[in-house]
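Structure provided below as structure tokens; questions to follow.
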Amino acid sequence: MESIKSCRSCASSKLTQILDLGVTPLADALVKPENLDKPEGTYPLSVVYCEQCTLIQIRETVPPDVLFCQDYPYYSSFSEALLKHSAANVAEIIARRKLGPEHLVVEIASNDGYLLKNYHAAGIPVLGIDPASGPAQRAMDIGVDTLVDFFTPALAQSLADEGKQADVIHANNVLAHVADTNGIVSALATLVKDDGEIVIEVPYVKDLIEHVEFDTIYHEHLCYFSGIALDKLFRRHGLYLNDVRRLSIHGGSLRLFLGKQEAVQDSVKELLAQERAVGMDTSTYYEDFAQRVDQLKHDLLALLQKLKSEGKSIAAYGAAAKGATMINYVGVGAELVDFVVDRNSYKQGLHMPGQLLPIFAPEKLLESMPDYLLILAWNFADEIRAQQSQYAERGGKFIVPVPKPAIL
Ligand code: DWN
């Protein structure tokens, strides 16, 4: 593991620490039963603000082959909400750009084909690029052509040399995951056609800070983006943030529309003006974040301990990466929560990193009817509560930890 001395975007050494989450295991390093007695790899996790370009980022860089290869357990298609969200995105772009069999759509971090399958179904050629072999194989099984590899400037250049420049490139929840932040942006510029479009989704740091979504901070997420920091990063590589949309997915995200010609729309000007108006281009904006994170930690622990003291049983929903940050930072162990459930069959039978809580299929809930269910995948709380209506009808109650621990 490396620890940065300068900003991942502008290389400035003026970095101000805003949060320290201590030493923690990797959020997606689920533990096999046979390894329960073996020590886990743990890494410090701290967050800094760049005084020069305003980028929020973590200091620590864990090697990508440790984070994203063998046994990477995340499969996008286990969320109906995410599938619907992606299908609507694709339908809008096919219509607006009048895409057909003569075009090419590439997706970086294409996972199990959750998005590209919509273009494939419409007869539009696609190419996915993802280093995680498990999800990539699922994509190929449904006909989505996928390169099992990391997306680098060298790979972008070789694809361009093969005449595979793209009309549209999607990059959802990956810009924050790549250690070479400038490298991935220059690679996007290399791979997109001059009249092409790059569509990126990233969690929005403004929502993270305002809703205390500290659990989305973990080693897979190296950067936490604002419009101001992104605009500087893209312009450095001849790309222009021409349009932007705020989304509710994943606790609040931005959908960014980039091109090689400058045609900046009001949506971008308004977003940047709003950010400056609330001071997101100063470290002052982030000063009280650590204190608010600690308040959430205190409130959640107190709530769970009170329920246990009343003899209540508690389970959790969503063996999510953010769930690992939450239970390890707050200290939610087997003395408070009996087990976790998750629909992702690749996670069932394993244990959460750190607290080692066992992971079962959701059917376990009706079997054992815990009094309370802590929704660790709070970003899908509506979908999960609808899905678990029988549990609620039988008297089960839900707890959401973010933005403020609450019983629903
Ligand atoms: O950036 C990332 C985001 C997009 O996804 C990755 N670095 C890792 C991952 O983060 P996460 O694990 O915190 O993401 P989710 O999507 O919030 O995880 C939700 C978990 O809940 C998954 O394991 C799937 C599961 N789930 C479920 O069991 N039943 C989700 C839904 C909607 C359900 O109904």
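Since every read-out is calculated from the coordinates, none of them should be taken as a lab result. Note that the structure is predicted; figures quoted are calculated from it, not measured. Note: ideal-geometry Cβ built from the backbone for every residue, glycine included; neighbour counts use all protein chains shown.
Give the number of residues within the stretch 151-179 that are within 17 Å of the chain's Cα centre (by Cα), surrounded by fewer than 22 Cβ atoms within 10 Å (Cβ to Cβ) and more than 24 Å from Ala91 (Cβ to Cβ).
Within the stretch 151-179, residues that are within 17 Å of the chain's Cα centre (by Cα), surrounded by fewer than 22 Cβ atoms within 10 Å (Cβ to Cβ) and more than 24 Å from Ala91 (Cβ to Cβ) number 3.
One line per residue, one yes/no per condition, for (1) within 23 Å of Thr24 (Cβ to Cβ); (2) not hydroxyl-bearing (Ser, Thr, Tyr):
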{"position": "Tyr329", "(1), (2)": "yes, no"}
{"position": "Val340", "(1), (2)": "yes, yes"}
{"position": "Tyr346", "(1), (2)": "yes, no"}
{"position": "Met352", "(1), (2)": "yes, yes"}
{"position": "Leu374", "(1), (2)": "yes, yes"}
{"position": "Gln387", "(1), (2)": "no, yes"}
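While we're here: Looking at the stretch 298-321, which of its residues are in a helix (DSSP H, G or I) and surrounded by fewer than 18 Cβ atoms within 10 Å (Cβ to Cβ)? Step through it out loud before you land on a result.
Residues of the stretch 298-321 that are in a helix (DSSP H, G or I), as a first pass: 298-309, 321.
Listed by number, the residues that qualify are His298, Asp299, Leu301, Ala302, Gln305, Lys306, Lys308, Ser309.
Quick check: anything in the stretch 89-104 more than 15 Å from the ligand (Cβ to nearest atom), on the phi < 0 side of the Ramachandran plot, small (Gly, Ala, Ser) and crowded, with 16+ Cβ neighbours inside 10 Å?
no
Moving on. Can you find, within the stretch 333-349, the residue that is farthest from the ligand (Cβ to nearest atom) among those that are under 17 Å from Leu303 (Cβ atoms) and of a type in the set (Asp, Glu)?
Restricting attention to the stretch 333-349, the residues satisfying the condition of being under 17 Å from Leu303 (Cβ atoms) are 333, 335-338.
After this cut, where a residue has to be of a type in the set (Asp, Glu) as well, the list is 335, 338.
Working: Glu335: 23, Asp338: 17 Å.
Step by step, filter the stretch 333-349, then rank; the result is Glu335.
Here's something else I'd like to know. Return only the number of the condition from (1) polar (S, T, N, Q); (2) more than 15 Å from the ligand (Cβ to nearest atom); (3) in a helix (DSSP H, G or I) that Gln355 does not satisfy.
Result: Gln355 fails condition (3) only.
Please specify each residue of the stretch 388-405 satisfying the condition of being over 20 Å from the mean Cα position of the chain (by Cα), more than 12 Å from the ligand (Cβ to nearest atom) and either surrounded by 14 or more Cβ atoms within 10 Å (Cβ to Cβ) or not in a loop (DSSP other than H, G, I, E, B) (or both). Even if it seems obvious, please write down each step before you answer.
Taking the stretch 388-405 as the starting set, the residues that turn out to be over 20 Å from the mean Cα position of the chain (by Cα) are 388-399, 404-405.
Applying the additional criterion that residues be more than 12 Å from the ligand (Cβ to nearest atom) yields 389-399, 404-405.
Passing the criteria: Ser389, Gln390, Tyr391, Ala392, Glu393, Gly396, Lys397, Phe398, Ile399, Pro405.
Please work out which one of (1) within 14 Å of the ligand (Cβ to nearest atom); (2) surrounded by 24 or more Cβ atoms within 10 Å (Cβ to Cβ) is the condition Glu201 fails and give its number.
Single failed check for Glu201: (2).
Run down Pro73, Pro63 and say which single residue is touching a residue at least 60 places away in the same chain (Cβ under 8 Å), surrounded by fewer than 16 Cβ atoms within 10 Å (Cβ to Cβ) and within 16 Å of the ligand (Cβ to nearest atom). Lay out the reasoning, then the answer.
Details: Pro73 fails: surrounded by fewer than 16 Cβ atoms within 10 Å (Cβ to Cβ).
Selected residue: Pro63, the only one of Pro73, Pro63 that is touching a residue at least 60 places away in the same chain (Cβ under 8 Å), surrounded by fewer than 16 Cβ atoms within 10 Å (Cβ to Cβ) and within 16 Å of the ligand (Cβ to nearest atom).
Here is a yes/no grid of residues against (1) within 25 Å of Ile249 (Cα to Cα); (2) among the hydrophobic types (A, V, I, L, M, F, W, C); (3) surrounded by fewer than 19 Cβ atoms within 10 Å (Cβ to Cβ):
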{"position": "Asp342", "(1), (2), (3)": "yes, no, no"}
{"position": "Ser368", "(1), (2), (3)": "no, no, yes"}
{"position": "Ala386", "(1), (2), (3)": "yes, yes, yes"}
{"position": "Ile407", "(1), (2), (3)": "yes, yes, yes"}
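Let me ask something else about it. I need every pair where a residue in the stretch 210-222 that is closer than 10 Å to Met326 by Cα has its Cβ under 6 Å from the Cβ of a residue that is within 8 Å of the ligand (Cβ to nearest atom) and charged (D, E, K, R), sequence separation at least 6 or different chains.
Asp215/Lys322; Thr216/Lys322
I would also like to ask the following. Look through the stretch 360-379, keep the residues that are in contact (Cβ under 8 Å) with a residue 60 or more places away in the chain, near the ligand (Cβ under 9 Å from one of its atoms) and in contact with a strand residue (DSSP E or B) (Cβ under 9 Å, 6 or more places away or on another chain), and return whichever of them is farthest from Asn35 (Cα to Cα). Step through it out loud before you land on a result.
Restricting attention to the stretch 360-379, the residues satisfying the condition of being in contact (Cβ under 8 Å) with a residue 60 or more places away in the chain are 371-372, 374, 376-379.
Still in the list and also near the ligand (Cβ under 9 Å from one of its atoms): 376-379.
Remaining after also requiring in contact with a strand residue (DSSP E or B) (Cβ under 9 Å, 6 or more places away or on another chain): 376-378.
Numbers: Leu376: 24, Ala377: 25, Trp378: 28 Å.
Selected residue: Trp378.
So if I check each of Gly183, Gly196, which one is farther than 30 Å from Asp20 by Cα, away from the ligand (no atom under 16 Å from the Cβ) and not basic (Lys, Arg)?
Values: Gly183 fails: farther than 30 Å from Asp20 by Cα.
Sole residue among the options that is farther than 30 Å from Asp20 by Cα, away from the ligand (no atom under 16 Å from the Cβ) and not basic (Lys, Arg): Gly196.
Can I ask one more? If I go through the stretch 294-332 residue by residue, how many of them are over 24 Å from the mean Cα position of the chain (by Cα) and either within 16 Å of the ligand (Cβ to nearest atom) or not acidic (Asp, Glu) (or both)?
Filtering the stretch 294-332 down to residues over 24 Å from the mean Cα position of the chain (by Cα) leaves 298-299, 301-314.
With either within 16 Å of the ligand (Cβ to nearest atom) or not acidic (Asp, Glu) (or both) added as a condition, the list becomes 298, 301-309, 311-314.
Residues flagged as over 24 Å from the mean Cα position of the chain (by Cα) and either within 16 Å of the ligand (Cβ to nearest atom) or not acidic (Asp, Glu) (or both) within the stretch 294-332 amount to 14.
If you don't mind, there's one more thing I want to ask. Contact list please: Cβ distance under 6 Å, first residue in the stretch 232-259 and more than 14 Å from Ile200 (Cα to Cα), second residue of a type in the set (Val, Ile, Thr), pairs at least six apart or on different chains.
Note: pairs meeting the criteria are His237/Val185.
Where in the stretch 85-201 are there helices (runs of 4 or more DSSP H), lying wholly inside it, with at least 3 residues that are among the charged types (D, E, K, R) and in contact (Cβ under 8 Å) with a residue 12 or more places away in the chain?
Working: elements: 116-121, 133-141, 153-161, 181-191.
The helices (runs of 4 or more DSSP H) meeting that bar number zero.
Separate question: Tell me, which residue of the stretch 242-258 that is surrounded by 18 or more Cβ atoms within 10 Å (Cβ to Cβ) and not in a strand (DSSP E or B) is nearest to the ligand (Cβ to nearest atom)?
Residue satisfying both the conditions and the ranking: His250.
Here is a list: Ala324, Ala290. Which entry is in contact (Cβ under 8 Å) with a residue 24 or more places away in the chain and crowded, with 21+ Cβ neighbours inside 10 Å?
Values: Ala290 fails: crowded, with 21+ Cβ neighbours inside 10 Å.
Selected residue: Ala324, the only one of Ala324, Ala290 that is in contact (Cβ under 8 Å) with a residue 24 or more places away in the chain and crowded, with 21+ Cβ neighbours inside 10 Å.
Against the definition (within 29 Å of Gly134 (Cα to Cα) and either within 15 Å of the ligand (Cβ to nearest atom) or of a type outside the set (A, V, I, L, M, F, W, C) (or both)), how does Ile108 come out, yes or no? Don't jump to the end; show me each part of the working.
Values: within 29 Å of Gly134 (Cα to Cα): yes; either within 15 Å of the ligand (Cβ to nearest atom) or of a type outside the set (A, V, I, L, M, F, W, C) (or both): yes.
So Ile108 fits the description; yes.
Let me ask something else about it. Within the stretch 178-227, track down each residue that is over 23 Å from Arg246 (Cα atoms) and in contact with a helix residue (DSSP H, G or I) (Cβ under 6 Å, 6 or more places away or on another chain).
Gly183, Ser186, Ala187, Thr190, Leu191
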